[in-house]
Amino acid sequence: MENLTPDIAIIGGGVGGCAAALALARSGRTVVMTEEFAWIGGQFTSQAVPPDEHGWIEHFGCTASYRRFREGVREHYRAHYPLLPAQRDNPRLNPGNGWVSPLCHEPRVALAVLESMLAPYVSNGRVLILRRHRPVGVTLAGNETIGSVTVRSAETGAETRLTAAFFLDATENGDLLPLAGVEHVTGAESRAETGEPSAPPQARPANVQAFSVCFVLEELAGENHIIPRPARYDFWRSYVPKLTPPWPGPLLGWAGLNPRTMAAMRYNFNPHREKPALFSGLWAFRRIIDRAQFEPGFYRSDVCLVNWPMIDYMEGDLHTCDETERVRRIADARELSLSMVYWLQTEAPRPDGGVGWPGLRLRGDLLGTTDGLAMAPYIRESRRIRALKTIREQDVSAVFRPGDTLAERYEDSVGIGYYRIDLHPSSGGDNYVDVPSLPFRIPLGALIPKRVRNLLPAAKNIGTTHLTNGCYRLHPVEWNIGEAAGELATVCLEQRTTPQAIAADRGQTEAFQARLRQRGFELAWPENLKLDDGDPHAHAR
């Protein structure tokens, strides 16, 4: 077994893991970052989800390094793609013109930008990335300290032991927490535990937001790109999820529910006929290439990223099952997504009265896969640490803070974010929970476990609840969490202290916050914020 001894080991190379690695490397620390899949970047890349962002993102509401990432995406297109002059000169270039996000782009471009941001530190030896590695074991050095983490290569089966002063869990599902015996929560907490008005009377650990396997399509009219009929297509074609309130028909269909009002609605879908306007239809929803912005003839079709309610997998969670069942559920979700593709190609009702678009073609080449689907499932909800501070519904929901324009003003803020409390239908049978929140802060206490001294969460696994995870789970917030965790680990090493000690001392907390501000963190929203500006694209998914 190979043994590596970096200053810090980051387990998970998603959005938060990459941000943490950047923070640590720029402070001179050595890092080993592991990643389960071939691509680093998580939601941006292997999960293939363009960034969900708030309406102030172009000028406020994220860290400086996240802003560099966003501008890096735009510069990549300007440097390498034949954009029309007006688009090349547009400071707010949105390559896909998807109406869900101000920056809809290809996963491969996000990967290229993240790799380039980390490249100097990979070159000088501060950062080593172990791709296709998952954690399989942990050794403890006492009751409050992790000694080492063992990761296994999916390609060779070889194991590597990582011994470090600090460990950051940046996995998508909080995989390090059960291995290390770190106190954590899965699914929905009880109302008695959190005091949240919308929490259930009893805890439901297996009640987790649906996960999805996304994919990319183009539409080549007159051609036939129909995939082989999936083995379980008949099951998924007639599948009606068991939800409360009930779903209005088969999941593979145009009938759905408005997440905010729960009123029945019908989705629009019409390739090449949809404008990039609000609620214009599913083709333009998360479109990642709008061919009208590029030189004529460069693209044969727009390129559409599918992350729709019809591919939400609700038949089981990934946190409370064993490894065999986890693998089966992910395979089942991939079968659901392929069934959606086949339905679109062969049976989906068209606006002209016909059925199916046989010219829809999977673009797995844009996702690094051979089956046409994203490498990794899109994870909305992780295991979550039992933290010094738990963010509750009452802290962020506009419903429970009438007359206020901002969420709880945590004095120990390490960043800010904004998104609605947006929960997809769940493995426990809950339908949408989608209610307005207020622009929020990220409290330091939510990043610190109650007991373990040298582990920090660096993704969606901080001290939120099942409910508040719904607004703390998006790309810029996860980046902020990961970057803050990297800075916190650095300070602990420099000062030979613990996260708990920094959180317990107001002077040390303020000194840490001053460090974050120097590195481009924004820790508080303006008090005169206009809320109507923050949700311009309505229900982003």
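Brief remarks follow.
- Note on residue 244 and residue 115: the extension gain reaches 42.1 nm, defined as 0.36 nm multiplied by sequence separation minus the Cα-Cα distance.
- Subtracting the Cα-Cα distance of residue 508 and residue 158 from 0.36 nm times their residue separation leaves 121.8 nm of extension gain.
- Placing a pseudo-label 7 Å from each Cα along the Cα-to-Cβ vector at residue 515 and residue 136 gives an inter-label distance of 3.5 nm.
- Phi angles of segment 382-396 translate, via the Karplus equation with coefficients 6.51, -1.76, 1.60 and θ = phi - 60°, into HN-Hα couplings of 9, 4, 10, 5, 7, 9, 4, 10, 10, 7, 10, 3, 4, 6, 10 Hz per residue; Gly and Pro are given as x.
- Distant-in-sequence amide contacts of residue 211, defined by a placed amide H-H separation under 5 Å and a gap of 5 or more residues or a different chain, comprise 313.
- Per-bin percent of Cα-Cα distances, segment 348-391 [10 Å]: 21, 22, 24, 18, 12, 4
- Helix 107-123 and the long axis of the chain differ in direction by around 30°, with both axes built from C-alpha atoms.
- Ranking of 214, 18, 492, 62 by neighbouring Cβ atoms within 10 Å, starting from the fewest: 492, 214, 62, 18.
- Restricting the trypsin sites (Lys or Arg not before Pro) of segment 323-427 to loop positions (DSSP other than H, G, I, E, B) with no more than 16 neighbouring Cβ atoms within 10 Å leaves 386, 409.
- Sorting 479, 254, 247 by the number of Cβ atoms found within 10 Å of their own Cβ, with the fewest placed first, yields 254, 247, 479.
- Over segment 311-447, relative contact order from alpha-carbon pairs under 8 Å, at least 6 apart, %: 21 percent
- Sites listed here are trypsin sites (Lys or Arg not before Pro) in segment 458-530 whose DSSP assignment is loop and whose Cβ has at most 10 other Cβ atoms within 10 Å: 496, 530.
- Cα gyration tensor category, rounded, prolate or oblate, for segment 174-301 with a/c compared to 1.5: prolate
- Applying a DSSP loop filter and a limit of 14 other Cβ atoms within 10 Å to the GluC sites (Glu not before Pro) in segment 132-233 leaves 144, 155, 183, 223.
- Shape parameters for the chain, alpha-carbon atoms, Rg then Dmax in Å: 22.3, 69
- Fraction of alpha-carbon pairs over 17 Å apart in segment 380-459 - percent: 55 percent
- Sorted by Cβ neighbour density within 10 Å, fewest at the top, the residues 80, 184: 80, 184
- Extension gain, residue 272 to residue 123: 0.36 nm times the residue separation minus the Cα-Cα distance gives 49.3 nm.
- Cα-projected label distance for residue 332 with residue 263, points at 7 Å along beta-carbon direction, nm: 3.5 nm
- Rotationally averaged projected area of segment 413-541 (alpha carbon convex hull; nm²): 9.0 nm²
- Using C-alpha pairs below 8 Å separated by at least 6 residues, the relative contact order for the chain is 22 percent.
Each reported figure results from applying straightforward, stated rules to the coordinates on display, with no laboratory input. Keep in mind that this is a model prediction, so the values were computed, not measured. No Cβ is skipped: glycine too gets one built from the backbone with ideal geometry, and neighbour counts run over all protein chains shown.
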